[in-house]
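Okay, structure first, notes after.
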Amino acid sequence: MILRNGICLLVILFWGVLNGSAYAQQEQAEAILDVSYSGVEGELADNVESYLGILEYAGQPAPSIFRVRFLARRGEEEIKNALKPFGYYHTEVTSEITSTPEEIAVNYAITLGQRTQIREVNITIEGDLANDDAYQSLRQRLPVEVGAPLVHSEYERTKTMLRNLAAERG
């Protein structure tokens, strides 16, 4: 008899925990997710927005708080990765989650580190192309320069320009 009463009590407690958890989820499901960030503007902000996965949920009913926490932590790394193509390899990102019955807000504070600068440009061309006038002209127009910030798109464009010239000249 005691065993049956104990099991019955355990079932009632378990049901109460599940019911309370379901109620909390239902109440939280009505909260709208808001995502914001500070510390970058313009082209950098555009790239942050293209990398930041949690923005997919912004303005909609928030997923579970556990999912929001996961997405917020992952977002810190996504923001850092979004800024690397512009030479920002030492960025610090912190996230803060605040919650009310109406809204769950995730705010990122972005602190850009020192931008990586190009110290040296060393391009070695061997063979006939080294003395070619077209190469000498191209060398003057290359977008990568000593002292300029390392921007991946300019680095890739430099490689493409050199490859194209090599292909044209054989």
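Regarding the stretch 80-170, what whole-number volume in Å³ per residue does the convex hull of its Cα atoms give?
113 Å³
Any idea how far apart residue 136 and residue 64 come out in nm if each label point goes 7 Å out from Cα toward Cβ?
Taking the two extended label points, one gets 6.9 nm.
I'd like the Karplus ³J(HN,Hα) series for the stretch 43-56: coefficients 6.51, -1.76, 1.60, θ = phi - 60°, whole numbers in Hz, and an x wherever there's a Gly or Pro.
Along the stretch 43-56, the couplings run 4, 5, 5, 4, 6, 4, 5, 6, 8, 7, x, 5, 4, 4 Hz.
Which parts of the stretch 136-170 would a label at residue 90 reach, counting a residue when its backbone N lies under 19 Å from a point 7 Å out along Cα-to-Cβ?
147-152
Amide H neighbours of residue 37 under 5 Å, at least 5 residues apart or on other chains, H built in the peptide plane: list them.
For residue 37, whose amide H was placed from the backbone, the distant partners under 5 Å are 108.
Residue-wise, which Karplus ³J(HN,Hα) couplings in Hz belong to the stretch 79-84, taking 6.51 cos²θ - 1.76 cosθ + 1.60, θ = phi - 60°, and x for glycine or proline?
5, 4, 5, 5, 8, 4
So if I average 1/r over every pair of distinct C-alpha atoms in the stretch 33-142 and take the inverse, what Kirkwood radius in Å does that give?
With all distinct Cα pairs of the stretch 33-142 included, I get 16.6 Å.
Relative to the present Cα-Cα distance, how much length would full extension add between residue 121 and residue 103 at 0.36 nm per residue of separation?
Fully extending the segment from residue 121 to residue 103 adds 1.4 nm.
Which percent of the accessible heavy-atom area of the stretch 60-143 goes to carbon and sulfur, probe 1.4 angstrom?
Within the stretch 60-143, the accessible surface is 44 percent carbon and sulfur.
The values are calculated or read from the model by the stated rules, or taken from the named source; none is laboratory data. The model shown is predicted, which means the values in this text are computed figures rather than measured ones. Positions of Cβ are generated from backbone atoms using ideal geometry, with glycine treated the same way; all protein chains shown enter the neighbour counts. Side chains are part of the model used for accessible areas, which takes the heavy atoms of the whole protein and leaves out ligands, DNA and RNA. Shrake-Rupley method; radii C 1.70, N 1.55, O 1.52, S 1.80 Å.
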